[in-house]
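Reading through the structure tokens given below for one structure.
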Amino acid sequence: MKLQQLRYIWEVAHHDLNVSQTAQSLYTSQPGISKQIRLLEDELGVEIFSRSGKHLTRITPAGESILKTAGEIMRKVESIKSVAQEFCDEKKGALAVATTHTQCRYVLPPVIKQFIDKFPDVALHMHQGTPMQISELAADGTADFAIATEALDLFSDLVMMPCYSWNRVVLVPRDHELAQISKLSLQDLSKYPLVTYTFGFTGRAKLDEAFTARGLSPRVVFTAADADVIKTYVRMGMGVGIVASMAHDPVKDDDLVALDASHLFEPSITKIGFRRGSFIRGYMFDFIQMFAPHLTRELVEETSFRQSRAELEDLFKDIELPVH
């Protein structure tokens, strides 16, 4: 069994079983990859992939287990490379961050600029997706960090740290009836069609819970993952918008009135997560602290010794989170 063979099966599985695309990404030949996969299967005595003619069709049950272990081995190999690189040049390398549109568009830009200014030789890769996709990217090692509000708690092999608390604003055109109300109520909102986030995005669950607790049924007529899309449809008159407070720009959104809704909904907490056991390079600690200044290197390192969610919560219980 060779490390190269494990890399081949791992990459093929993550290229939708397309050997040709895998060969292109690895700068090698398609026949070479197919041969090495066959040799590995012969050595192990099981098929990793089912086939139809020359095409791979699915991953076998045995293959699923083998690929899980192969992924762990590949991540360990990358950790070894990171350790070596850290000692060769601590200011060169790569950093992959998986996050949502809201974080990438409204919260991260000043952090990214500060990071690039300090570490110009670190290649920074941003992956955008749903909270579930973001968590999976961090869990399987594709991303170094996951930044999101939802779904991170679903992955037990991610270490999660609270970054900041935030709430929501209601957006309406300036001539809308709600713009004249001094203090909104959920009853007020329930009278109008709502435009807000898709379920599973940016604290949407907190919104639904608030209406349910009051025995109200919100009339959600349009949902999107992108706050800018939500604002577009508010401007079209499709409904009243509910977005994360940091997604409202007083200058660029001066045609809309932002009404405080923090008294209507429980605050949400955005977290940053990384795979348990990951090697965190020096510039990665810097990125975390730029994004969440209270997350010092010492505090982040301490999380490695906390095994359960309860232990992690205990570590952060006395920290007052900034509010966005």
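The values are calculated or read from the model by the stated rules, or taken from the named source; none is laboratory data. The shown structure was predicted, so the numbers you read here are calculated from the model rather than taken from an experiment. Backbone-built Cβ (ideal geometry, glycine too); neighbour counts: all protein chains shown. Accessible surface areas use protein heavy atoms only, side chains included; no ligands, DNA or RNA. Shrake-Rupley method; radii C 1.70, N 1.55, O 1.52, S 1.80 Å.
Structure notes:
- Stretchable slack from Val221 to Ser52, in nm (0.36 nm times residue separation minus alpha-carbon distance): 56.3 nm
- The sum of -39500 (n - 2.57) across all DSSP H runs of n ≥ 4, divided by the residue count of the chain, sets its helix-only mean residue ellipticity at 222 nm to -12000 deg cm²/dmol.
- Think of a 1.4 Å ball rolled over the protein heavy atoms: the chain then has 51 Å² of accessible area per residue.
- Across Lys271, Lys231, Lys35, mean-square fluctuation computed from a Gaussian network of the chain (C-alpha pairs under 10 Å connected) peaks at Lys35.
- Cα gyration tensor shape of the stretch 65-170, rounded if a/c is under 1.5, else prolate or oblate by comparing a/b with b/c: oblate
- The chain: relative contact order as a whole-number percent, Cα under 8 Å and 6+ apart: 20 percent
- Selection from His263, Leu26, Phe119 lying farthest towards where the dipole of the chain points positive, charges on Cβ: Leu26
- Close amide H partners of His127, meaning residues 5 or more places away or on another chain with modelled amide H under 5 Å apart, are Val97, Ala98, Thr99.
- ³J(HN,Hα) computed for each position of the stretch 230-247 - Karplus, 6.51 cos²θ - 1.76 cosθ + 1.60, integer Hz, glycine/proline x: 4, 5, 4, 6, 5, 5, 6, x, 6, x, 8, x, 10, 9, 5, 4, 6, 7
- From the alpha carbon centroid of the stretch 1-78 to that of the stretch 256-287 is 36 Å.
- Charge sum, other residues only, whose C-beta stays under 10 Å from Val19's C-beta, Lys/Arg counted +1 and Asp/Glu -1: 0
- Choice from Glu78, Glu150, Glu41 showing the highest fluctuation, given a GNM over the chain with Cα pairs closer than 10 Å: Glu41
- Note that the stretch 182-197 has calculated 3J(HN,Hα) couplings of 6, 9, 5, 10, 5, 4, 4, 5, 5, 7, 10, x, 10, 10, 8, 6 Hz, one per residue in order, obtained from phi through the Karplus relation 6.51 cos²θ - 1.76 cosθ + 1.60 (θ = phi - 60°); glycine and proline are x.
- Distances between placed amide hydrogens fall under 5 Å for Arg168 paired with Ser245, Ala261, Ser262, all partners being 5 or more residues away or on another chain.
- GNM flexibility winner over the chain from Lys54, Lys76, Lys113 (Cα, springs under 10 Å): Lys54
- Put a dot 7 Å past the Cα of Thr212, heading toward its Cβ, do the same for Leu3, and the two dots end up 4.9 nm apart.
- For the stretch 127-135, 3J(HN,Hα) computed residue by residue from phi via the Karplus equation (6.51, -1.76, 1.60; θ = phi - 60°) reads 10, 9, x, 6, x, 5, 4, 4, 5 Hz, glycine and proline entered as x.
- Protein accessible area in the chain, 1.4 Å probe - carbon and sulfur %: 52 percent
- Among the chymotrypsin sites (Phe, Trp or Tyr not before Pro) in the stretch 106-206, those placed in a DSSP loop whose Cβ has at most 13 other Cβ atoms within 10 Å are Phe199.
- Long-range amide H partners of Val220 with built H, under 5 Å: Leu194
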